[in-house]
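What follows is a short report on a single structure.
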Amino acid sequence: MEATIEVRGLRKRYGAAVAVDDLSFTAGPGQVTGFVGPNGAGKSTTMRMIMGLDRPDGGTALVGGKPYRSLRTPLCGLGAMLDASAVHPARRARDHLRWLAHAGGLPARRVDEVIELTGLGGAARRRAGGFSLGMRQRLGIAAALLGDPPVLMFDEPVNGLDPEGITWIRGLLRSLAAEGRAVLVSSHLMSELEGGADRLVVIGRGRLIADTSVGDLLKAASRGRVEVRTTARQDVMTVLARAGATVTATGGDAVTVAGIPSEQIIALLTQAGAAFSGIAEHRASLEEAYMELTGDAVEFRAVTGREAR
């Protein structure tokens, strides 16, 4: 089975609200594809349509070239964790996985394999109702891995995980992709995707905003901006602003400059006698790039104190 998720022209409406609007993208083999967007952007709805849990009003969502509902052995085609709490609280972790394995026609030995892989060995006989959110996440991931599928899909997999758990899930996702699988990960933590994703699919209000590699997105967001280190920040900002630059204070001793090249910045500051200790090309963070892309697609936004007044 081909390791791909293909979404083509997907549409979904709930009454007057458009949840997904002509959305198209592909999550390919050997890559971790980050699936990001503001709250209400349509990420969870899209994932549910990929799994056949919601019926689209138009378009197609295919797993390995086929609709999920047509897969003969779904657990062996697509492993997914959409809701870590979707387990009966009175059921023990091992029993939950054994029930899923039996329903999917999988060998019982696979249960022990995924328990070990996800670090659940010490909690396998505990009831899920007593699990922390992080432990429920691990149980959901174990369930997704049961069928050893070529395609994996996780909705906010690092929620509730401690730093050790976040490092673990990041390594797990990378290793799964390195095996040639397609891995689609929805997350609000841009810092985790920056270190773990190969590509980003960014959506807002149900529509595609960007489909690009992480490197290309960061390069575009940096846009030739320059970071100036200085102990005289106000003087530096005044000199450069008068020269037509866009200047932003980014730290106690730093400003980010756009609109004029570094050579001109050096000349202007030297001529004006404005002290500075260093100049470097600005490298945007993934969080910064994401905020620039989705600024107009946020449905609910808090106002600042000045705006409130």
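Somewhere in the stretch 60-79, is a residue assigned to a strand (DSSP E or B), surrounded by fewer than 18 Cβ atoms within 10 Å (Cβ to Cβ), at positive phi and more than 20 Å from the chain's Cα centre (by Cα)?
Scanning the stretch 60-79 turns up no residue that is assigned to a strand (DSSP E or B), surrounded by fewer than 18 Cβ atoms within 10 Å (Cβ to Cβ), at positive phi and more than 20 Å from the chain's Cα centre (by Cα).
How many residues does the stretch 102-127 contain that are within 25 Å of residue 171 (Cα to Cα) and touching a residue at least 12 places away in the same chain (Cβ under 8 Å)?
Residues that pass the stated criteria total 10.
For the stretch 1-53, please list each of the strands (runs of 3 or more DSSP E) lying entirely inside it that holds at least 1 residues being crowded, with 16+ Cβ neighbours inside 10 Å, out of contact with any Ser or Thr (no Cβ under 8 Å at 6 or more places or on another chain) and of a type in the set (Val, Ile, Thr).
Of the strands (runs of 3 or more DSSP E) lying wholly inside the stretch 1-53, those with at least 1 residues that are crowded, with 16+ Cβ neighbours inside 10 Å, out of contact with any Ser or Thr (no Cβ under 8 Å at 6 or more places or on another chain) and of a type in the set (Val, Ile, Thr) span 17-27, 31-36.
Residues in the stretch 220-245 that are acidic (Asp, Glu) and either free of Cβ contacts under 8 Å to residues at least 40 places away in the same chain or assigned to a helix (DSSP H, G or I) (or both): how many?
The total comes to 1.
Taking the stretch 87-116, which residues are outside any helix (DSSP H, G or I) and surrounded by 12 or more Cβ atoms within 10 Å (Cβ to Cβ)?
Selection gives 87, 88, 91, 92, 104, 106.
Given (1) in contact (Cβ under 8 Å) with a residue 40 or more places away in the chain; (2) surrounded by fewer than 19 Cβ atoms within 10 Å (Cβ to Cβ); (3) more than 30 Å from residue 176 (Cβ to Cβ), identify the lone condition not met by residue 194.
Status for residue 194: all satisfied but (3).
Assess whether residue 199 counts as being assigned by TED's automatic domain parsing to the domain that holds residue 43 and either of a type in the set (Lys, Arg) or touching a Lys or Arg at 6+ places or on another chain (Cβ under 7 Å) (or both).
yes
In this structure, is residue 12 touching a residue at least 40 places away in the same chain (Cβ under 8 Å) and over 28 Å from residue 128 (Cβ atoms)?
Yes.
Kindly indicate the residue of the stretch 142-175 that is within 16 Å of the chain's Cα centre (by Cα) and among the aliphatic types (A, V, I, L, M) and also nearest to residue 131 (Cα to Cα) among those meeting that condition.
Checked the stretch 142-175; the qualifying residue nearest to residue 131 (Cα to Cα) is 161.
In the stretch 211-237, what residues are surrounded by fewer than 19 Cβ atoms within 10 Å (Cβ to Cβ) and small (Gly, Ala, Ser)?
213, 215, 220, 222, 224, 232
Can you report the number of residues in the stretch 1-41 which are small (Gly, Ala, Ser) and closer than 18 Å to residue 52 by Cα?
Number satisfying all stated conditions: 5.
The values are calculated or read from the model by the stated rules, or taken from the named source; none is laboratory data. On a predicted model such as this, the values are computed, not experimentally measured, just so you know. Note that we place each Cβ from the backbone using ideal geometry, even for glycine, and neighbour counts take in every protein chain shown.
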